[in-house]
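Beneath this line is the structure, given in structure tokens, with notes to follow.
The values are calculated or read from the model by the stated rules, or taken from the named source; none is laboratory data. Keep in mind that this is a model prediction, so the values were computed, not measured. Note that we place each Cβ from the backbone using ideal geometry, even for glycine, and neighbour counts take in every protein chain shown. Side chains are part of the model used for accessible areas, which takes the heavy atoms of the whole protein and leaves out ligands, DNA and RNA. Shrake-Rupley method; radii C 1.70, N 1.55, O 1.52, S 1.80 Å.
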Amino acid sequence: MSLILKDIKVSYEGMKFPILEFDNLILNEGLNFLIGKNGSGKSTLLKALSNYSNQVSVEGLIELDGEKLINGYVGLVSQDPEKSINLELSFLENLILAKTNGWNHLSFLTQISRVEENHVIQFLKGFNNWELIEALLNVEANNLSSGQKQILAIFMRVIRYRKVLLLDECTANLDYINTGIIIDILSEMGRNGTIIVFATHQRELLETDASNIYLVENGNITRKV
Amino acid sequence: MNIFSTPLNEALIYSLCVYGVYLLFRQLRFPDISTDNVFSFGSISFVFFFISNDSLILSILLVFLSGFLVGAFTSLLYSKFKIPKLLCGVITYSILFSINLKFFNKPNVSMPSRISSEESIVLIVIINVVLIVFMSILLKSKLGKSINTIGNNPAILKEFRAPSTWVLLIGCGIANALIAVSGALTSVHFGFSDVSIGVGLLINSVAAIIISENLMIYFPKRYHIFLIPVGVFIYHLLLFMVITYLSFGLLDYTDYKLISGVIIILFFLTSYKRAKDIISF
């Protein structure tokens, strides 16, 4: 599965010139790093891909597996995890909320959430870091460390969207241990078939998986080898 | 008379109202300040319904339903007409005041047939138990989690494409329904209703919630919802003690709003961060 972008022009409302303008970009399953200076357009690209932000307008074709990318396939995690989770719910409850679709949010039957609880746990058990996650399941998000909050925010989007995950500097505030755990988890998600687009300034991350690095510069995106 | 009996009676009547305010202020974080008049509305409309159909249970159900509609109206003012949250509550508050006066054309009205006190206590206890169980199931359910999320982080609910308008409508509806039923219970208990019966209840409820929240620290999360009536009881006990033993004849029952106000101010002065976690919009 891959995400194909063709003849893309991305601009903010009221701006004459596009921030990003490029012909062709193919993002594959696994970790894809976006690097570049501040203001080069990394976050703008993520916003364009997440397409639930209405600040940017996008021209061109964005396809996932030959089909036009529509709303509800991509999740975006930003630098501040507290914006992406509900602090008063536990780790597990947050994940169940993320998995819930549309009208099911109004469900009054606690039995249904128990069935979904098992689905979520089965999904998490597939990860190498399961032991670490298991200890957090019933902890209220408020009492998690910032690294754990970020792990929760990422899992919420993966459990929801599965296909494409966008990360905007999501490890910038974390120490190297937590960063390592997150990269581990992301690599595993990548191997399971999720396309991960990760905008970052942290050089050390690039050493872990140097296969797909893209440099965003002057409105253009080039693949670094 | 036993010192505990007055606070216990009051806890039985007002607990549901506090549950309503808890749902509004603590879970939905929606500053719906129409509580006082919704309570009076519940109380008056109960008498009205009881006169017309002579069935206690049916009248309570009708009060629940009309309270729900009032809450739904307030939430729609916000979600459909984009009126600021605080103003939505004020609008409902004012409209209800006029409606309450219209209901009976006179400031207070008695129940047509006085219900015996044993009968009323049994009814009040049953309704409390049923609705508290209902609340505990609600807050555990997915709807409850969505209600909590709309208060704490509405953006993620939008991201996950939840029907936010409906979540808010149902939350506000249930909260106001509980407040109205609580008003109906006062009519059952006292045998009469009055347009100003609900005045000051919001501030009392907030004070009771603060006491309950401070109890909650010492208990596991699954018991939290059941601590609210305990908080209401402690609050009324405190009030009773202060007025009877500590005020040296300077305070009486008309000053209870003053005491509630002081409790809330003291709480904010002594533990600001926690107070702000509990009451903030």
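Computed quantities for the displayed model
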| quantity | calculated |
| --- | --- |
| Volume per residue of the C-alpha convex hull in region A:1-146, rounded to whole Å³ | 165 Å³ |
| Within a Gaussian network of chain B (alpha carbon springs, distance under 10 Å), most fluctuating of B:K221, B:K145, B:K106 | B:K221 |
| Rounded to the nearest 10 Å², the accessible area of B:I121 at probe 1.4 Å | 60 Å² |
| Global form of region B:26-110, assessed from the alpha-carbon gyration tensor, a/c cut-off 1.5 | prolate |
| Candidates B:T270, B:T92, B:T254: whichever shows maximal mean-square fluctuation once chain B is modelled as a Gaussian network with Cα springs under 10 Å | B:T254 |
| Taking all pairs of distinct alpha-carbon atoms in the protein assembly as shown, Kirkwood radius in angstrom | 25.5 Å |
| Whole-number D in µm²/s for region A:1-52 (Stokes-Einstein; Kirkwood sum over Cα pairs; 20 °C, 1.002 mPa s) | 177 µm²/s |
| Pairwise label distance in nanometres, A:A172 with A:N218, each label 7 Å out on the Cα-Cβ vector | 2.5 nm |
| Of A:V197, A:V74, A:V115, the one that fluctuates the most in a GNM where chain A has Cα springs shorter than 10 Å | A:V115 |
| Area accessible to solvent at B:V230, 1.4 Å probe radius, in Å² | 60 Å² |
| Surface accessible to a 1.4 Å probe, A:E67 within the full protein complex, Å² | 130 Å² |
| Chain B: relative contact order as a whole-number percent, Cα under 8 Å and 6+ apart | 37 percent |
| Region B:2-198: mean projected area of Cα convex hull, nm² | 11.3 nm² |
| Per-residue [θ]222 nm for the protein assembly as shown (sum of -39500 (n - 2.57) over DSSP H runs n ≥ 4, rounded to 500) | -18000 deg cm²/dmol |
| Sequence-distant lysines (8 or more away, or on other chains) whose Cα lies within less than 25 Å of B:K145 | A:K83, A:K99, A:K125, A:K149, B:K80, B:K82, B:K85, B:K158, B:K221, B:K273, B:K276 |
| Solvent-accessible ranking of B:L238, A:L215, largest area first, probe 1.4 Å | B:L238, A:L215 |
| Part-to-part distance (alpha-carbon centres) for region B:81-137 and region A:69-123, which is given in Å | 35 Å |
